[in-house]
Amino acid sequence: MTLKKLFIKYKSDKYRHQYYKVYDLFLAQKKNRKLNILEIGVADGSSIKAWSDYFKYSKIIGVDIKKIDLTKKKLNKKNISIYQGSQTNEIFITKLIKKYKKFDIIIDDGSHYPRDVIKSFKMLFHALSKNGLYFVEDTQTSYNHYFGGNPFDLKYSNTHLNFFKALTDSMNYREIANPFYLQSGYDGLIRNISFFNNMVVIKKGITNIKSNLVFDNSYENKRYETKIKRDPNKFKYFLKYKIIFKTYTLFFALFNFFKSLLLFRY
Ligand SMILES: C[S@@+](CC[C@H](N)C(=O)[O-])C[C@H]1O[C@@H](n2cnc3c(N)ncnc32)[C@H](O)[C@@H]1O
């Protein structure tokens, strides 16, 4: 049965929100694999039952802050395990990671509070397997202050959508011509990030492609190395790239540092 039919069968919101279209795109080829699939947010168990039917050879692990009555919700199935705990509880999440080691697919359909989504992602990303997929549903809460989002400061507020937008820099970290750039724990570890209506999908994967423009996060260094290979007149290039261009970079860095201090961002 298709995911669409399963979500209809079990009356999951994932049908109404049309999330099955996104899941189909990423999961159809994984259907018959043996995977560890973690979903945060069980509620009536609708989606857990759909995953269990669809991924017959996989382990379906559900997490919910509330106690879930397995018998009442008909979740007593061989490939389903349900745990009670919060997606933001470090001890609980650490125990879960210790038990399963790696998750191939993680779905965050829990509280949908921006800070909870970000905290869970930070705790679980290292437990996502190589080429693993992390789905975040209902990202519309980012645009709603009643849910901890911010509809008035779309670019710089601490919402989960802004967190994932900023994460796109980690795919291009080798291109950042900033010699003072401090690497993040996600740099080079994300293959792609896909944004859909109310949903984000992060695919883990190594992206360590060298830049053709910068070396060690410096444009001047790259140009200098290229030029002196071709022309031995080193002083001319030293003056241009190691003194003049570097001074410009330093001033540009200082300007942006003061700019960030002056802008009130929270
Ligand atoms: C939208 S429902 C999940 C629906 C389910 N995934 C489905 O598609 O059928 C959200 C669930 O997340 C749970 N939840 C809320 N806050 C949570 C938290 N901090 N940690 C874990 N679960 C949480 C709620 O108890 C609720 O059952």
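Give the order of Ile61, Ile68 when sorted by the count of other beta carbons within 10 angstrom, beginning with the fewest.
Sorted ascending by nearby Cβ count, the order is Ile68, Ile61.
Given points 7 Å out from each Cα along the Cα-Cβ axis, report the Gln84 to Ser194 separation in nanometres with one decimal.
3.7
Select from Ile118, Ser129, Val201 the residue farthest towards the positive end of the dipole of the chain; place +1 on Cβ of Lys and Arg, -1 on Cβ of Asp and Glu, and compute about the Cα centre.
Value computed over the given set: Ser129.
Tell me, what does the Kirkwood hydrodynamic radius of the range 160-235 come to in angstroms if you use every pair of distinct C-alpha atoms?
Numbers: mean 1/r = 0.0705 Å⁻¹.
When all Cα pairs of the range 160-235 are included, the Kirkwood radius is 14.2 Å.
Can you give the log10 of the normalised intensity I(q)/I(0) at q = 0.17, 0.26, 0.28, 0.33 Å⁻¹, computed with Debye over equal Cα scatterers of the range 219-262?
-0.51, -0.81, -0.88, -1.06
Relative contact order of the chain, please, whole-number percent, based on alpha carbon pairs below 8 angstrom and at least 6 residues apart. Don't skip to the answer; put the middle values down first.
Values: 412 pairs, mean separation 31.8, N = 266.
Computed value for the chain: 12 percent relative contact order.
If the cut-off is 24 Å between C-alpha atoms, which lysines fall inside it for Lys234, apart from same-chain ones fewer than 8 positions away?
List returned: Lys222, Lys242, Lys246.
Through the Karplus equation 6.51 cos²θ - 1.76 cosθ + 1.60, θ set to phi - 60°, convert the phi angles of the range 169-175 into ³J(HN,Hα) values in whole Hz; use x for Gly and Pro.
Computed from phi, the couplings for the range 169-175 are 5, 5, 6, 10, 4, 6, 9 Hz.
How big is the range 1-110 along each principal axis, measuring the range of its Cα positions in Å and listing the largest first?
Extents along the principal axes, in whole Å: 36, 28, 25.
What is the order of Val200, Val214, fewest Cβ neighbours within 10 Å to most? Please report the intermediate quantities before stating the final value.
Details: Val200 24, Val214 20.
Ordered from fewest to most neighbouring Cβ atoms within 10 Å, Val200, Val214 come out as Val214, Val200.
Between beta-carbons, use under 13 Å as the cut-off and find the net charge around Lys30, counting Lys and Arg +1, Asp and Glu -1. Please report the intermediate quantities before stating the final value.
Details: positive: Lys31, Arg33, Lys34, Lys56, Lys203; negative: Asp24, Asp104.
Here the count lands on +3.
Obtain the nm distance between the two label points defined at Asn256 and Ile244 by a simple spin-label model: each point lies 7 Å from its Cα along the Cα-to-C-beta direction.
Spacing of the two 7 Å Cα→Cβ label points: 2.2 nm.
For the chain, find the longest principal axis of its Cα atoms and tell me its angle to the long axis of helix 90-100, 0 to 90°, nearest 10.
Roughly 80 degrees, rounded to the nearest 10.
Quote to one decimal, in nm, the extra length available between Thr94 and Gln140 on full extension: 0.36 nm per residue of separation minus the C-alpha distance between them. Working shown, then result.
Details: separation 46, 0.36 × 46 = 16.56 nm, distance 2.80 nm.
Once the chain is fully extended between Thr94 and Gln140, it gains 13.8 nm.
In whole Å, what three semi-axes, largest first, describe the equivalent ellipsoid of the range 3-204 built from its Cα gyration tensor (square root of 5 times each eigenvalue)? Don't skip to the end; give the middle numbers.
Working: eigenvalues 159, 71, 57 Å².
Working from the Cα gyration tensor, I get semi-axes of 28, 19, 17 Å.
Amide H of Phe103: which non-local residues (sequence gap of 5 or more, or other chain) have their own amide H closer than 5 Å, using H built in the peptide plane?
Leu128, Ser129
If we count every other residue with Cβ under 11 angstrom of Thr159's Cβ, Lys/Arg +1 and Asp/Glu -1, where does the sum land? Walk me through the intermediate numbers first.
Values: positive: Arg115, Lys155, Lys165; negative: Asp153.
Once all neighbours under 11 Å are counted, the net charge is +2.
Expressed as cubic angstrom per residue, what is the convex hull volume of the alpha carbon set of the range 98-213? Write down the numbers at each step before the final one.
Values: hull volume 13.4 nm³, N = 116.
Cα convex hull per residue, to the nearest whole number: 115 Å³.
Please work out the FRET efficiency for the pair Asn32 and Lys9, using the Cβ-Cβ distance as r and a Förster radius of 35 Å; give the result to the nearest 0.05.
On the way: r = 20 Å, r/R0 = 0.56.
E(calc), rounded to 0.05, equals 0.95.
Just how large is the dipole of the chain about the Cα centre, in debye to the nearest 20, putting +1 at every Lys and Arg Cβ and -1 at every Asp and Glu Cβ? Could the numbers behind the result be given before it?
Values: 49 positive and 22 negative charges, 205 e Å.
Using Cβ point charges on Lys, Arg, Asp and Glu, the chain gives about 980 debye.
If Lys and Arg each add +1 and Asp and Glu each add -1, what is the summed charge of the other residues whose beta carbon sits under 14 Å from the beta carbon of Gln87? All intermediate terms of the calculation are to be shown ahead of the outcome.
On the way: positive: Lys66, Lys95, Arg115, Lys119, Lys122; negative: Glu39, Asp64, Glu90, Asp108, Asp109, Asp116, Glu137, Asp138.
Net local charge, Gln87 excluded: -3.
If I stretch the segment between Asn172 and Lys21 completely, what's the gain in nm (0.36 nm per residue apart, minus their alpha carbon distance), one decimal? Please list the in-between numbers first.
On the way: separation 151, 0.36 × 151 = 54.36 nm, distance 2.80 nm.
Length gained between Asn172 and Lys21: 51.6 nm.
Just so you know, all these numbers are worked out from the coordinates, no wet-lab data involved. Nothing here was measured: the structure is a model prediction, and the numbers come from that model. All Cβ positions, glycine included, derive from the backbone under ideal geometry; neighbour counts span all protein chains shown.
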